[in-house]
Amino acid sequence: MMRAMRKTIASLLALGALAVGAQPALADDPAATTTTSWNASGVTSTCQTPDKIGVYGQYGAWGYYVDGCTVRLTCPSYLSVCSANANSRIVSAPDRGQRVTLNSRLRAFSSSGSLFWYRDMSCAGRASCGTADLVYIRGGESASVQCNGVREGGHNRANVACTLALRYEY
């Protein structure tokens with residue numbers, strides 16, 4: 001009986017570790033910087049974290065977790081449709097060829113702020129990798145992209161950047 005109980009406890013602990021690993025980051029990197037620019041066809045906003053070592057194993061990460069950031073833009077209510085193009089990336093510096101991975105989530109919100117759609121993208125590479133995604137939203141709705149990454153151990157650091165380009169379609 002004691003052996004069966006140990007197996008059950010071990011199984012529950014393993015499931016708990018998986019659940020922790022599946023959770024999104026609780027907060028964005030407070031040191032991230034955001035830049036926004038406008039032109040005749042839309043607006044682009046990018047957030048970028050500073051180079052950092054990361055936290056080994058945080059949220060169940062396979063290596064050093066590098067917290068990311070989020071950008072959010074709203075399609076003007078006088079428009080019918082906007083395209084929201086998300087691009088996210090992780091870069092290690094200096095480039096020593098270590099493995100990196102990135103997770104990115106593109107979300108769409110109603111004009112009242114309720115989440116109604118999202119999609120996750122991931123990538124893996126040596127020293128850097130990136131993702132790209134697209135969603136169309138209506139006037140008054142908004143989109144956001146959030147990203148974070150993981151880097152392999154070594155004598156370097158990594159940063160992540162999320163870019164959202166909102167194009168005014170019609």
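The values are calculated or read from the model by the stated rules, or taken from the named source; none is laboratory data. Not measured: the values here are computed from a predicted model. The accessibility values were calculated without ligands, DNA or RNA, using every heavy atom of the protein model including side chains. Shrake-Rupley method; radii C 1.70, N 1.55, O 1.52, S 1.80 Å.
Taking all protein chains as shown and a probe of 1.4 angstrom, Glu152 keeps an accessible surface of around 70 Å².
The mean accessible area for residues of the stretch 98-156, using a 1.4 Å probe and ignoring ligands and nucleic acids, is 47 Å² per residue. When only Cα pairs below 8 angstrom with a gap of at least 6 residues are kept, the stretch 30-124 shows a relative contact order of 15 percent. How many percent of the accessible area of the stretch 69-158 is carbon or sulfur, using a 1.4 Å probe? Ligands and nucleic acids excluded, carbon and sulfur give 46 percent.
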